[in-house]
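Undergrad: To start, I am sharing the structure in question, which I have written as structure tokens.
The values are calculated or read from the model by the stated rules, or taken from the named source; none is laboratory data. Keep in mind that this is a model prediction, so the values were computed, not measured. With ideal geometry, Cβ positions are generated from the backbone for all residues, glycine too; neighbour counts draw on all protein chains shown. These accessible areas exclude ligands, DNA and RNA; they are computed on the full protein's heavy atoms, side chains included. Shrake-Rupley method; radii C 1.70, N 1.55, O 1.52, S 1.80 Å.
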Amino acid sequence: MEKLCALCVSVVKMEEWMEPVMVVEHVTRRFGSGETEVVAVRDVSLAVEPGEIVLIMGPSGSGKTTLLLMLGGLLRPSEGRIRIGEDDLTELDERRLPEVRLRRIGFIFQDFNLFSSLSALDNVALVVQLTGLSRRAARRRARQLLEELGMGHRLNFLPEKLSGGEKQRVAIARALVNEPDIILADEPTANLDSRRGHETMRLLRRIAKEGMRSVIIVSHDERIKDIADRVLWLEDGSFKNEVEMATDPVCGMSVDRERAPAQVVYDGRTLYFCAPGCRDEFLANPKQFL
Amino acid sequence: MFHLAWRNLLQSRTQFFLGVGGVALALLLMLSLDALLVGSEQDLVAYIYQSGADIFVAQEGVRNLHMAASAISMQDMRRAARTEGVASASPILYTTGVVETEQADVLSYIIGFDPREPLGGPQVIVAGTAQLGRGEAIIDNAVARSQGVELGDEIEILGETFTVVGLTEGLTNIINSVTFIHIDDFRALRRGDSISYALLAVEPGYDPAEVAAAIEARNEDVTALPREVFAREERQIVKDMSVEVIYIMNMAGLLIGLAVTALTLYTSTLRKRQEYGVLKAMGAKNRHLYSVVVVQAFLSLTMGSAVAIGLVWLMGSILPLVVPGTAMALTQAGVVRVLTAALGIGVVAALVPAWQMARLDPAQVFRS
Ligand SMILES: Nc1ncnc2c1ncn2[C@@H]1O[C@H](COP(=O)(O)OP(=O)(O)O)[C@@H](O)[C@H]1O
Ligand SMILES: [Mg+2]
């Protein structure tokens, strides 16, 4: 018991030691004005520690992408501040933002977004070249990283010749190759089957923990939840306390119990569905889903 | 960036090669007429040299053959002939007309000369005779070959029928040919007894320029020019007349080249919007993206220019074999002009795609 507490103390001390890499303070983003004004993100605050994996979930239209864009320095908040280390993204000159994105942030996209005319190796090397390194040096570094990620046998393949999981690994290598502090991923598993999705998430976790990089993932994929250190629920532009969530047994989506469009009491349990369609499918053959 | 530009350009190969081909053809347009004229320049004045005249005497103010109408009297010619240093004087009648063969009409200088006179007639005969009589004509070998005319065949000149009795060589160029008839036949077609030009030979030891000046001093109704000057004026007239055509061809070439290049670069950039947006999101600066456009413009245009220059060179070797009487010469000035045009095209064509690149909002990538 005492031993365990000693461990607790040391963990707490370590955490105190660490400065957050990213601090978001009261960020709001509006689009349009007057009657047509939309508040996409409303007074959001957040601090992300090095090595932490934060999952931001929320229904479609809740402001996830808008928030991610602001975190990535691709969109300016209407109010509030975003800091990465000592750089204040909200105050940085427009011309300095690319440099911050290049060296401190890695992006992973939903549809991989590889450069279709370039080989896997050149896809990764190109991003290194942006920092001013020669093509040779960039390719050397890219090759090493791809080999570490188990892509050594696909270096000279064009994206069209790669499977979804392989494409995602190239995309991850590309996000990682300039050694960023933060990796931002928008729906990284949306285009992958569940096995590849899981592999991708485990890889991201390894990257976060080994390299002490923070990973912020935006997704509505319920399966990601277990590898995240923290799950935040975004709704109507602001974080809600984790509402009571349930998993739709048919489609696997997470559903807010209070707002579920359909529910069924089956075998003494209440089940929640994302849509009446899922409920009907369930009722047609309940055994299949339990 | 060079590698990306190159790969992206080559990714849709057909479009790339169409683009390069289009630029090449446009630049070819700029080069070819010029090359044709330069190549044919010597041919343009072939008659003036072949005639053997040291001095051409014409109506006052007339300084060449092409598109000129000259009339002097026999008396003017005899006065010129009496000038010190003049060995002989031969009259010719001249007009520009059409020679009608069975196949087609050929534009030609029509020269009426007197076979008994030393000058004015053809000097290089490859078939038949130079000694033509009434109702007979001598045409150029190149016309005969292309129109399928043989010795003894009949042709129509200025509305009259003539029999071909001789063939000359080297008197056909891209603009026209030279056809000879008897001076009396020519005179019969035309009222009055004036002549067009007097062709003078100078005695050995006399300077044609000085003799010509002396002729003009004695008779202010005539202009007398040494052969070199007369030939230079002839070339200049043809050049002046074709300058506008060359200008229009150059402009057309420039515009076509510009349109093709701009379109190729524009569509290539448009197709890659998403990827360039990703590159921007990842931290590429505008100058990185501009360099993609510049490299693409440079690649298309260098290849286009090379193909165009190669084609002109190739045509220069093939064309004279296919179309008699034509020659093409690739000049340094022509090459410089094409490369300058290519550079200009590149700069203008790159503007729109560069603007496209600069306007790209990297946030758009996440909203697809
Ligand atoms: N550029 C924009 N102009 C106007 N409204 C926008 C813009 N971007 C997002 N929105 C609005 O902001 C809200 C949040 O959008 P988004 O961040 O894309 O949500 P999510 O990614 O969670 O689906 C939506 O109502 C959307 O219509
Ligand atoms: Mg979204």
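Undergrad: Which of the residues belonging to region A:42-64 are open to solvent by 10 Å² or more (accessible area, probe 1.4 Å), within 14 Å of another protein chain (Cβ to nearest Cβ) and more than 8 Å from ligand 1 (Cβ to nearest atom)?
TA: Of everything in region A:42-64, nothing turns out to be open to solvent by 10 Å² or more (accessible area, probe 1.4 Å), within 14 Å of another protein chain (Cβ to nearest Cβ) and more than 8 Å from ligand 1 (Cβ to nearest atom).
Undergrad: Just to confirm my filter: which strands (runs of 3 or more DSSP E) fall fully inside region A:45-109 and include at least 1 residues that are closer than 22 Å to residue B:279 by Cα?
TA: Working: elements: A:53-57, A:79-84, A:105-108.
Because the criterion is at least 1 residues that are closer than 22 Å to residue B:279 by Cα, the strands (runs of 3 or more DSSP E) in region A:45-109 that meet it are A:79-84, A:105-108.
Undergrad: Next question, about the same structure. Does residue B:30 fit the bill of being over 30 Å from residue B:204 (Cβ atoms), within 14 Å of another protein chain (Cβ to nearest Cβ) and aliphatic (A, V, I, L, M)? Break it down into steps so the answer makes sense when it comes.
TA: Working: over 30 Å from residue B:204 (Cβ atoms): yes; within 14 Å of another protein chain (Cβ to nearest Cβ): no; aliphatic (A, V, I, L, M): yes.
No; evaluated as a whole, the condition is false for this residue.
Undergrad: I've got another one for you. Of all residues in region A:157-178, which are open to solvent by 60 Å² or more (accessible area, probe 1.4 Å) and not acidic (Asp, Glu)?
TA: A:157, A:161, A:169
Undergrad: Does region A:75-93 include one or more residues that are in contact with a strand residue (DSSP E or B) (Cβ under 9 Å, 6 or more places away or on another chain), within 11 Å of chain B (Cβ to nearest Cβ), among the hydrophobic types (A, V, I, L, M, F, W, C) and under 21 Å from residue A:40 (Cβ atoms)?
TA: Yes: one or more hits.
Undergrad: Counting only residues that are more than 10 Å from ligand 1 (Cβ to nearest atom) and of a type in the set (A, V, I, L, M), which one in region A:71-93 is nearest to residue A:213 (Cα to Cα)?
TA: A:84
Undergrad: I'm trying to understand the selection: among the residues of region A:118-156, which are within 14 Å of another protein chain (Cβ to nearest Cβ), over 16 Å from residue B:284 (Cα atoms) and open to solvent by 40 Å² or more (accessible area, probe 1.4 Å)?
TA: Residues satisfying the conditions are A:136, A:139, A:156.
Here's the yes/no breakdown for (1) away from ligand 1 (no atom under 16 Å from the Cβ); (2) assigned to a loop (DSSP other than H, G, I, E, B); (3) closer than 20 Å to residue A:20 by Cα:
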{"position": "A:215", "(1), (2), (3)": "yes, no, yes"}
{"position": "A:220", "(1), (2), (3)": "no, yes, no"}
{"position": "A:223", "(1), (2), (3)": "yes, no, no"}
{"position": "A:226", "(1), (2), (3)": "yes, no, no"}
{"position": "A:239", "(1), (2), (3)": "no, no, yes"}
{"position": "A:246", "(1), (2), (3)": "yes, no, no"}
{"position": "A:249", "(1), (2), (3)": "yes, yes, no"}
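Undergrad: It is to be established whether one or more residues within region B:323-332 are assigned to a helix (DSSP H, G or I), under 26 Å from the mean Cα position of the chain (by Cα) and surrounded by fewer than 23 Cβ atoms within 10 Å (Cβ to Cβ).
TA: Looking for residues that are assigned to a helix (DSSP H, G or I), under 26 Å from the mean Cα position of the chain (by Cα) and surrounded by fewer than 23 Cβ atoms within 10 Å (Cβ to Cβ), one finds at least one in region B:323-332, hence yes.
Undergrad: Of the residues B:216, B:233, B:244, only one is away from chain A (no Cβ under 14 Å) and more than 18 Å from residue B:40 (Cβ to Cβ); which?
TA: B:216
Undergrad: Follow-up question, since we're still on this one. Answer yes or no: is there a residue in region B:279-288 that is within 16 Å of ligand 2 (Cβ to nearest atom), in a helix (DSSP H, G or I) and on the phi < 0 side of the Ramachandran plot. Write out each step before concluding.
TA: We begin by selecting, within region B:279-288, every residue within 16 Å of ligand 2 (Cβ to nearest atom); these are B:281.
From what is left, the residues that are in a helix (DSSP H, G or I) are B:281.
With on the phi < 0 side of the Ramachandran plot added as a condition, the list becomes B:281.
Yes: region B:279-288 contains one or more residues that are within 16 Å of ligand 2 (Cβ to nearest atom), in a helix (DSSP H, G or I) and on the phi < 0 side of the Ramachandran plot.
Undergrad: Residue B:171 versus (1) outside any loop (DSSP other than H, G, I, E, B); (2) open to solvent by less than 60 Å² (accessible area, probe 1.4 Å); (3) under 30 Å from residue B:328 (Cα atoms): which is the lone unmet condition?
TA: Here residue B:171 clears every test but (1).
Undergrad: Further question on the same structure: Go through region A:65-117 residue by residue and tally those that are surrounded by 21 or more Cβ atoms within 10 Å (Cβ to Cβ), touching a residue at least 60 places away in the same chain (Cβ under 8 Å) and on the phi > 0 side of the Ramachandran plot.
TA: Summing the residues that are surrounded by 21 or more Cβ atoms within 10 Å (Cβ to Cβ), touching a residue at least 60 places away in the same chain (Cβ under 8 Å) and on the phi > 0 side of the Ramachandran plot in region A:65-117 gives 1.
Undergrad: Could you pull out the residue among B:215, B:175, B:155 that is hydrophobic (A, V, I, L, M, F, W, C) and under 30 Å from residue B:76 (Cα atoms)?
TA: Exactly one of B:215, B:175, B:155 is hydrophobic (A, V, I, L, M, F, W, C) and under 30 Å from residue B:76 (Cα atoms), namely B:215.
Undergrad: Can you find a residue that is more than 16 Å from ligand 2 (Cβ to nearest atom) and either away from chain B (no Cβ under 11 Å) or modelled with pLDDT of 90 or more (or both) anywhere in region A:65-73?
TA: yes
Undergrad: Where residues in region A:200-218 are away from ligand 2 (no atom under 16 Å from the Cβ) and hydrophobic (A, V, I, L, M, F, W, C), which of them is farthest from residue A:109 (Cα to Cα)?
TA: A:212
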